[in-house]
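To start, the structure under review is shown below, and the notes come after it.
Where a number appears in this text, it was derived from the coordinates with a stated rule and is not lab data. All of these numbers come straight from a predicted model, not from anything done at the bench. Here the Cβ positions follow ideal geometry from the backbone for every residue, glycine too, while neighbour counts run over all protein chains shown.
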Amino acid sequence: MLGRGSAVTDPHTTETVREPPKESFAGDRFTGLCMIAAPLLLTTGAALLVGIYEGSANDQLEAFAANQARATAAVNVAIAGVVLAAFAVAGLAASVARHRPGLGHAGGTLTLIGLFGPAFFLGIDHVGVQLADLTDRAGAATVFENAVTTPNILNLAGPALIVGLVLLAIGTAKTGVFPRPRSWALGTAALAPIGLISGFVIISVVAWLAFAVALVPHGFRLLR
């Protein structure tokens, strides 16, 4: 962490210029906190959805209605995790990009794009929790199912998240930002969208736990 940056000589002009600081744009402390909190929030949110995020739209609305407090908590905790994960990913991508610009830039960009997917569909789930109270359950189920299944631009977010996390995992391994086991854990986190898409949320729980294994130690390092 260089704070205000260090003085270097521009080889083209021989003038002394100040190199930009290597601290992440949000600050190392906040980025570190995000690396600790985001994976834990995402894991908790996914774990709370186990058992109530399965089956048809009608079954899911019934599960939301029977577990409304739990479903509300799950959606809000997970959305908070997605927001903080964006700062964590930006900081991690910047660390990789200092030594491997291609991997850092591509991995970070794709992962950030990919995070819009969970945010979007968690928003639909938030609406689903509210729809569960309607007396017209069939109509509510139709609205909910159409919102989930109708193709939209954010259907591309899932593949972007998978590829982005894999590229960042490769980048952290090649640059030494993470030791190899934690880079493998980061790559495993790419399974998270598959759990949500398939309805087997336990896959997402395992993936976000791997995300925590990868990021939490680095977050504590940034806080020191």
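Got a sec? How would Ser183, Ser56 order by Cβ neighbour count within 10 Å, fewest to most?
Ser56, Ser183
Quick one: compute the contact order of the chain, relative version, from alpha carbon pairs under 8 angstrom and 6+ residues apart, as a percent.
Dividing the mean separation by the residue count of the chain yields 26 percent.
Between Leu165, Leu156, Leu191, find the one with the highest GNM mean-square fluctuation for the chain; connect C-alpha pairs within less than 10 Å.
Leu156
Convex hull volume of the Cα atoms in region 123-224, per residue, in Å³?
In region 123-224, the Cα hull volume divided by residue count equals 119 Å³.
Given the rule -39500 (n - 2.57) for each run of at least 4 DSSP H residues, summed and divided by the residues of the chain, what is its mean residue ellipticity at 222 nm, to the nearest 500 deg cm²/dmol?
Helices in the chain give a 222 nm mean residue ellipticity of -25000 deg cm²/dmol.
Can you compute the radius of gyration and Dmax for region 32-219, using only the Cα atoms, both in Å?
16.9, 58
Quick check on packing: order 109-120, 129-140 by the mean number of other C-beta atoms within 10 Å, highest mean leading.
109-120, 129-140
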